[in-house]
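For reference, the structure I am asking about is given below.
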Amino acid sequence: MTEQAKAPNSPGENDNPVKPRIHARHVVAQSRLFTVESLEMEFSNGVQRTYERLASGGHGAVMMVPIDENGQVLLIREYGVGIENYTLTLPKGAVDLGESIEQAANRELKEEIGKGANQLHYLKSMSLSPSYMKSSIDIFIAQDLYEESLPGDEPEPLEVVAWPLNKLDELVSRADVTEGRAIAALYMAKSWFENNQGNMDKTASIEK
């Protein structure tokens, strides 16, 4: 008798699996910015493994989807040393000691696009690379923007590029739009507006 393959679990069928035990962790490498940890793990079935990961540093990070009065998302063009090229992405940055994530979001907006936001709508916390990094980033929609600048730490001025959010597919098809978390945040923001408003051309009409 042939045994049938077990169907994959549906969402919700195994939402609380038993987590592996961490028996030990060690710092195996460290630089000015990065710390690499080694973790001795034992899974619920008894299998043991050693994993390495980038430990989280600092106090968190934020990324914003700023929408102006014309329904356009305000992007920044900045150099990404990891890919050795310029990329069109969303404003983002680290949370400073003592800041809330909302305060960090507004500060980074002022530093990177020269605008603050009277409205911040929280979307989601995203992991960056869950197999190798502990870090996460909190995503916001920023609305009701106003002019205000703060000095940032960028080595060169950032170019701000406005793009209609209702033409998102055209944006992400560009060769210079490559950052996965920014693309995910943009589609989440577009979905949020569609579900809460229905018409992307009337973004500015959303009440406070």
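Filter region 138-157 down to the residues that are surrounded by 15 or more Cβ atoms within 10 Å (Cβ to Cβ) and at pLDDT below 95 and list them by number.
First, pick out the residues of region 138-157 that are surrounded by 15 or more Cβ atoms within 10 Å (Cβ to Cβ): 138-145, 152.
Selection gives G152 alone.
Let's see how each residue does on (1) surrounded by 15 or more Cβ atoms within 10 Å (Cβ to Cβ); (2) in contact with a Pro (Cβ under 8 Å, 6 or more places away or on another chain); (3) within 25 Å of P151 (Cα to Cα):
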position	(1), (2), (3)
P17	no, no, no
P20	yes, no, no
H23	no, no, no
N45	no, no, no
M64	yes, yes, yes
E78	yes, no, yes
G98	no, no, yes
A105	yes, no, yes
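Could I ask something else about it? Does any residue of region 11-21 turn out to be at pLDDT 60 or above, touching a Phe, Trp or Tyr at 6+ places or on another chain (Cβ under 7 Å) and assigned to a loop (DSSP other than H, G, I, E, B)?
Within region 11-21 (the criterion being at pLDDT 60 or above, touching a Phe, Trp or Tyr at 6+ places or on another chain (Cβ under 7 Å) and assigned to a loop (DSSP other than H, G, I, E, B)), the answer is yes, since at least one residue qualifies.
With the condition kept exactly as written, say whether any residue in region 162-177 is farther than 18 Å from I76 by Cβ and in contact with a Leu (Cβ under 8 Å, 6 or more places away or on another chain).
no
So which of S44, S38 is assigned to a loop (DSSP other than H, G, I, E, B), outside the structural domain of E194 (by TED's automatic domain parsing) and of a type outside the set (A, V, I, L, M, F, W, C)?
Details: S38 fails: assigned to a loop (DSSP other than H, G, I, E, B).
Answer to the selection: S44.
Among the residues of region 37-88, write down those that are acidic (D, E), touching a strand residue (DSSP E or B) at 6+ places or on another chain (Cβ under 8 Å) and more than 20 Å from K19 (Cβ to Cβ).
Going residue by residue through region 37-88, those that are acidic (D, E) are 37, 40, 42, 52, 68-69, 78, 84.
Remaining after also requiring touching a strand residue (DSSP E or B) at 6+ places or on another chain (Cβ under 8 Å): 37, 40, 42, 52, 68-69, 78.
Across region 37-88, the qualifying residues are D68, E69, E78.
The values are calculated or read from the model by the stated rules, or taken from the named source; none is laboratory data. Computed from a predicted model, the values in this text were never measured in an experiment. Positions of Cβ are generated from backbone atoms using ideal geometry, with glycine treated the same way; all protein chains shown enter the neighbour counts.
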